[in-house]
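Values quoted throughout were computed directly from the atomic coordinates according to the rules given, and no laboratory measurement underlies them. Model, not experiment: these values are computed from the prediction. Cβ placement follows ideal geometry from the backbone for every residue including glycine, while neighbour counts extend to all protein chains displayed.
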Amino acid sequence: MTRGALAQAVVLCGGLGTRLRDALGDVPKALVPIAGRPLLEHLLLSLGRAGTREVLLLAGHRGERVATAARALAPAGLRVETLVEAVPLGTAGALHLVAARLAPRFLLLFGDVYAALDWRRFASHAGARGGLGTVLLHRTDHPEDCDTVALDDAHRVVGWSRRGALPAGAGGAALGNAALAVLHRDVLDYVPRERPSDLYGEVLPALVDAGAALHGYTTSEYVRDVGTPARLAEVDADVRSGRARLRAELALLDRDGVLAVERDGRPALRPAEVRLLPRAARAVRTLNEAGIRTALVTNQAAVARGLMSPADLEAVHARLAALLAAEGAHLDLVLACPHHPETHHAEGVPALRGPCACRKPRTGMVERALAELGVRPWRAVVVGDATVDLALARRAGLASIAVATGKGATDRAFPARPVWRSADVDAAARWLTGQDEDADR
Ligand SMILES: [Mg+2]
Ligand SMILES: [Zn+2]
């Protein structure tokens with residue numbers, strides 16, 4: 001059964017593709033080959049599998065070629081129709097062509113985007129949030145030349161700035177929109193009829209300024225446009241290598257409550273106290289085997305408090321590594337903050353007391369992991385059991401998974417919410433590697 005926003009997708013194929021003309025000649029962007037098949041074919045197959053019933057292609061330049069290709073490429077059970085705009089209406093204005101046919105909520109994306117997305121999770125997240133829509137966001141590595149978006153702890157968009165400026169409230173890393181959204185058709189009320197208009201550059205930012213409820217979905221999943229020759233080559237390589245299928249390339253794993261047991265609410269202080277949670281080693285091995293890098297990111301204030309020495313902490317992590325290795329799993333990087341923010345206690349190590357850049361939810365360890373492991377930041381995800389982990393993800397501009405083990409994200413230390421939830425780190429690993437796909441349908 002297809003419910004909500006997944007039933008109908010509107011795909012904007014009107015772009016002229018000027019930056020790709022040297023590489024493509026006169027081929028419409030939606031038909032560029034990715035791993036030997038037209039981009040549009042990848043999209044239609046993926047949507048069809050997710051349960052989409054109707055795709056409306058809004059085409060301009062070379063629209064008849066798009067229409068012919070779409071008829072040939074549509075999988076069984078998916079109705080695909082192409083509408084050609086006589087004059088360019090802009091990405092928002094084009095929606096008026098199909099105004100009478102829009103479902104209450106629909107997917108909207110661009111024809112030059114390759115998306116390896118768990119459409120159902122996206123649609124259910126968007127459905128639960130409601131409002132005028134939910135836009136898909138990635139941490140951006142080039143905030144100076146893309147529009148950037150700021151979210152609050154509940155994933156509501158609170159700022160949207162044009163190229164170059166960080167929006168107010170952006171706090172940490174900048175989020176850029178990935179040109180994919182679930183929208184409510186009431187958005188059309190805000191789209192000018194008398195002139196062309198741009199959705200992401202004009203209409204949605206104005207909605208945010210007016211206080212409308214628009215939400216963000218920060219994901220590490222593979223969604224990338226092929227609008228330049230360099231990006232086209234990158235996407236082609238990622239699809240061919242299988243990397244695009246992975247839902248992240250780096251898992252930033254909390255330790256206690258995610259991989260290791262906290263006994264009596266207390267982390268292990270000595271190697272002999274280290275216990276793995278059930279299936280934790282299998283989870284790390286699953287990530288290892290899929291080629292998803294793993295980094296431990298943990299606060300261990302017991303060092304500052306004098307309850308364990310730095311050598312004890314190293315020994316605890318050596319024991320953790322040995323327990324993982326016994327089941328064929330390894331961490332690519334282990335990062336721990338030994339500090340404690342409070343200076344007024346007499347106990348412990350004065351040098352480790354006071355503010356630092358690494359204690360979660362500060363993002364020092366995340367930035368270090370990203371730099372040392374050299375992954376694309378937008379492909380990283382935080383997996384944690386406490387709200388401090390979710391707050392870390394939000395500040396770092398990354399997706400997050402809350403596991404039900406450990407604190408189960410029920411502590412109220414921070415108001416941040418996860419993007420996704422999983423029963424435990426093993427379920428998270430299986431989802432990140434795409435191994436749950438058969439079970440899901
Ligand atoms: Mg924890
Ligand atoms: Zn620290």
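Residues whose amide H lies under 5 Å from that of residue 337, counting only those 5 or more places away or on a different chain, are 298, 299, 300; hydrogens are built 1.01 Å from N in the peptide plane. Among 405-411, 7-13, sorting by the average number of other beta carbon atoms lying within 10 angstrom of each residue, highest first, gives 7-13, 405-411. Listed as lacking a disulfide-compatible partner in the chain: 13, 146, 356, by the criterion of no other cysteine Cβ under 4.7 Å. Here the chain is treated as an ellipsoid with the same Cα gyration tensor; its semi-axes, largest first and in whole Å, are 43, 23, 18. Report, to the nearest 10°, how far helix 119-129 tilts away from the longest principal axis of the Cα atoms in the chain, using its own Cα long axis and a range of 0 to 90°. It is inclined by approximately 80 degrees. Report summary: the helix-based calculation at 222 nm, which adds -39500 (n - 2.57) for every DSSP H run with n ≥ 4 and divides by the residues of the chain, gives -8000 deg cm²/dmol. Ordering 356, 146 from the fewest to the most neighbouring beta carbons within 10 Å gives 356, 146. In order along the stretch 141-148, the phi-based Karplus estimate (6.51 cos²θ - 1.76 cosθ + 1.60, θ = phi - 60°) of 3J(HN,Hα) comes to 9, 9, x, 6, 10, 9, 6, 10 Hz; Gly and Pro are listed as x.
Placing unit charges on each Cβ (+1 for Lys and Arg, -1 for Asp and Glu) gives the chain a dipole about its Cα centre, and among 343, 135, 435 the Cα reaching farthest toward its positive end belongs to 435. Here the 3J(HN,Hα) profile of the stretch 281-290, calculated from phi with Karplus coefficients 6.51, -1.76 and 1.60 at θ = phi - 60°, is 5, 4, 4, 5, 4, 4, 5, 4, 5, 7 Hz, Gly and Pro shown as x. Amide H to amide H distances under 5 Å link residue 158 with 150, 151, 152, where only residues 5 or more positions off or on other chains count and H is placed in the peptide plane. For the stretch 72-84, the Karplus equation 6.51 cos²θ - 1.76 cosθ + 1.60, evaluated at θ = phi - 60°, returns couplings of 6, 8, 5, x, 4, x, 10, 8, 10, 10, 10, 10, 9 Hz by residue, with Gly and Pro reported as x. On C-alpha positions alone, give me the angle between the axis of helix 229-241 and the longest principal axis of the chain, in degrees, nearest 10. Taking Cα atoms only, the helix is inclined about 60 degrees. Binning the C-alpha pair distances of the stretch 4-240 at 10 Å intervals from 0 yields a P(r) profile of 8, 34, 40, 18, 1 %, listed from the shortest bin outward.
In this calculation the C-beta distance from residue 79 to residue 356 is compared with R0 = 60 Å, giving a FRET efficiency of 0.60. A Förster radius of 56 Å, combined with the Cβ-Cβ distance separating residue 240 from residue 266, puts the computed FRET efficiency at roughly 0.70. So what's the gap between the Cα centers of the stretch 98-113 and the stretch 364-441, to the nearest angstrom? Rounded to whole Å, the Cα centres lie 30 Å apart. Evaluated with a Cβ-only charge set (Lys, Arg +1; Asp, Glu -1), the stretch 1-143 carries a dipole of roughly 420 debye about its Cα centre, given to the nearest 20.
Distance between the pseudo-spin-label points of residue 209 and residue 142 (7 Å out from Cα toward the beta carbon): 2.6 nm. Amide hydrogen proximity for residue 10: with H placed 1.01 Å from N in the peptide plane, the residues at 5 or more positions away or on another chain lying under 5 Å are 56, 107, 108, 109. Sorting 378, 119 from the fewest to the most surrounding beta carbons within 10 angstrom yields 119, 378.
At what distance in angstrom do the alpha carbon centres of the stretch 233-288 and the stretch 300-362 lie from each other? A separation of 18 Å, based on Cα centres.
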